[in-house]
Amino acid sequence: MTINWKTTLQTSASVISLIIVLKELYSLYTKSTTKSPSKLTLLSPRTRGIESLIGNTPLLEIKSLSRLTGCKIYAKLELMNPAGSAKDRVALSIIRANETMGNLTPYQDNIIFEGTSGSTGISFAVLSNALGYKCHICLPDDTSPEKLNLLTALGAELEPVAPASIVDPNQYVNAAKKGAEKVNADERDSRKAIFADQFENDFNWKVHYETTGLEILEQMGDERVDVFINGSGTGGTIAGVGRRLKEYDSSTKIILADPQGSGLANRINYGVMYDSVEKEGTRRRHQVDTIVEGIGLNRLTYNFQKAEPFINEAIRVTDEQALKMAKFICINDGLFWGSSAAINCVAAVKTAFKYGPGQKIVVIACDSGDRHLSKFWKQASKVSNDITLNDVLNED
């Protein structure tokens, strides 16, 4: 008997094809009838190094504030950067720029000096560890214990100094500058050092222009941003984001949220750097008379001057309003945020009521409340859980 190999091969191929089709159909059937144990949210791709996690932070609607104002109020969660604040973007940008310029070489005991009363020191400490540098932070000696303890745990060298005016050579920013200059001037010292100089550094506002602002536009999609609100420490965030949003849509309002004791609000609204609590004999603190850390100044920085042309108005927020707002969004939304984020939220609500319902308002959620437990949240925790939004805005 002669075997017809052509017919046999064709038959075999048909059978194999049928088996494959039946297997696929069975697989689809079992998937449709078997309940998945969990549904995953959108996952980020695999990555390498903590520095790769900086940026692309979520944009979250604050439900209670949206519901009570008739607007859509969103927060850009910069507190979800790996070191816990928007300052991660600035720190990485400054480090990479100085590497490119030859001012820093990793794993050669090079030192990054910075003067900071806020979260910038934490960002530099984390990234110094990750990228092979030493970190030296000069800061006011009344900085919150949480930040001091965290910086110590991260291995940063700390140099606490008495709070003072920027004209004082021993002020914390000036102390950091002197520290870097001393290392670089010592011919016997082979190490290199930089003064990060976040207040006057061009890379500060530019990184927010190139990343944060673009992210907000992408996340808002087809919906326009009617208002962007943020406070000013160095001025970099409001300068970079404000410029980006204004270039995209010139009708977007850029609003500065400013704590009591700071002169920046009066600078924007009236052209004068002054606050009533700065009167001689009434001032409790050498820099800005507020419980809020990280924002508010009584001097003009380079980065804030970059922001001024884009800022439409400023809103003054008292310590009392910030404390109440922090407790309100904690109780009503489960958002345990720091003092500067609370100030931004107060300003957002005031803006919503001023301009009416239907607006899309974006604020920055700068850092978590766990960095403010012993100062800001020590007082905020005393606010009643029954706090209302009217209570937040009204002064006792």
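The values are calculated or read from the model by the stated rules, or taken from the named source; none is laboratory data. Keep in mind that this is a model prediction, so the values were computed, not measured. Here the Cβ is made from the backbone with ideal geometry for all residues, glycine too, and neighbour counts use every protein chain on show. Ligands, DNA and RNA are excluded from the accessible area calculation, which covers all protein heavy atoms including side chains. Shrake-Rupley method; radii C 1.70, N 1.55, O 1.52, S 1.80 Å.
Given the options 314, 326, 307, 342, name the one that is closer than 25 Å to residue 198 by Cα, without any contact (Cβ under 8 Å) to a residue 60 or more places away in the chain and in a helix (DSSP H, G or I).
Among 314, 326, 307, 342, only 342 is closer than 25 Å to residue 198 by Cα, without any contact (Cβ under 8 Å) to a residue 60 or more places away in the chain and in a helix (DSSP H, G or I).
Suppose we filter 86, 91, 75 for residues that are buried (at least 21 other Cβ atoms within 10 Å of the Cβ), among the aliphatic types (A, V, I, L, M) and modelled with pLDDT under 95; which single one remains?
None of the other options fit; the residue is 86.
Restricting to the range 26-72, what's the tally of residues that are open to solvent by 70 Å² or more (accessible area, probe 1.4 Å), in a helix (DSSP H, G or I) and at pLDDT below 95?
Of the residues in the range 26-72, 6 are open to solvent by 70 Å² or more (accessible area, probe 1.4 Å), in a helix (DSSP H, G or I) and at pLDDT below 95.
Can you name the residue in the range 328-352 that is more than 17 Å from residue 230 (Cα to Cα) and in contact with a Gly (Cβ under 9 Å, 6 or more places away or on another chain) and, of all such residues, is least open to solvent (accessible area, probe 1.4 Å)?
Residue satisfying both the conditions and the ranking: 335.
Could you tell me whether any residue of the range 342-356 is out of contact with any Lys or Arg (no Cβ under 6 Å at 6 or more places or on another chain) and on the phi > 0 side of the Ramachandran plot?
Within the range 342-356, one or more residues are out of contact with any Lys or Arg (no Cβ under 6 Å at 6 or more places or on another chain) and on the phi > 0 side of the Ramachandran plot.
Go over the candidates 258, 249, 226, 222 one by one and state the one that is in contact with a helix residue (DSSP H, G or I) (Cβ under 6 Å, 6 or more places away or on another chain) and more than 18 Å from residue 92 (Cα to Cα).
On the way: 249 fails: in contact with a helix residue (DSSP H, G or I) (Cβ under 6 Å, 6 or more places away or on another chain); 226 fails: in contact with a helix residue (DSSP H, G or I) (Cβ under 6 Å, 6 or more places away or on another chain); 222 fails: in contact with a helix residue (DSSP H, G or I) (Cβ under 6 Å, 6 or more places away or on another chain).
The conditions single out 258.
Those residues that are in contact with a strand residue (DSSP E or B) (Cβ under 6 Å, 6 or more places away or on another chain) and open to solvent by less than 10 Å² (accessible area, probe 1.4 Å), I need them from the range 121-134; list them, please.
Across the range 121-134, the qualifying residues are 121, 124, 125, 128.
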